[in-house]
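Below is one structure, written out as structure tokens, with a few remarks after it.
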């Protein structure tokens, strides 16, 4: 649907974790209580639960909330995929010496808002129902959009192009392999080639960055904004 507070790549609704009990995803204290470990960064079960709870609460208030809940996939795994991708993306930006300013994020958000004639409620609703982005994560959604665009451009491609999406996925996969990604088996396994947890085929595709989402979105979608 990750991350700092995280947002996207944008999840399908699923059941909350039944309990914070953790099946070991590795050995040693760094993995204790972790849903995933990316390099030396731990994504705790409690932080994952918090993100899942926030999204479920937001969707429950939506007119389409029940329909989304009825068609839910495994939200916990998808949200974890988003959080892991955030960490991998952050490392890729560091490797390329790419930074993203607050003004760049706000310009990207304003460009999306302009597509909705300044109607913030409509933009927020679109981001929630189509991309699984709760209100508290909207700025981060646009941060990811800008960051992904700049990363794609640094690779020599246009944001949103087929070549750019492929290059971005390959870069994230390479970065993930370099830093090391360890997923608690409770949530699935890490696909090093696709840089995602499992197949990632649920309704809100968390493993896609806003760049990839924009490539398949309708022309009016908020994420189709160019950075």
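A few remarks follow.
- Residues in the range 110-135 that are more than 28 Å from residue 73 (Cα to Cα) and either in contact with a helix residue (DSSP H, G or I) (Cβ under 6 Å, 6 or more places away or on another chain) or assigned to a loop (DSSP other than H, G, I, E, B) (or both): 5 in all.
- Test: residue in the range 202-220 that is in contact with a strand residue (DSSP E or B) (Cβ under 9 Å, 6 or more places away or on another chain), assigned to a loop (DSSP other than H, G, I, E, B), modelled with pLDDT of 50 or more and under 25 Å from residue 68 (Cβ atoms): no
- You will find that of 2, 8, the residue that is out of contact with any strand residue (DSSP E or B) (no Cβ under 7 Å at 6 or more places or on another chain), under 20 Å from residue 125 (Cβ atoms), crowded, with 23+ Cβ neighbours inside 10 Å and at pLDDT below 95 is 8 and no other.
- Which numbered condition residue 114 misses (of (1) exposed (fewer than 14 other Cβ atoms within 10 Å of the Cβ); (2) within 30 Å of residue 177 (Cα to Cα)): (2)
- From the list 100, 105, the lone residue that is touching a helix residue (DSSP H, G or I) at 6+ places or on another chain (Cβ under 7 Å), crowded, with 20+ Cβ neighbours inside 10 Å and outside any helix (DSSP H, G or I) is 100.
- Residues considered: 48, 75, 80. Of these, the only one that is modelled with pLDDT under 90, under 17 Å from the mean Cα position of the chain (by Cα) and crowded, with 23+ Cβ neighbours inside 10 Å is 75.
The values are calculated or read from the model by the stated rules, or taken from the named source; none is laboratory data. Only a predicted model underlies this, so the values are computations on that prediction, with no experimental measurement involved. Neighbour counts run over all protein chains shown; Cβ positions are idealised from the backbone, glycine included.
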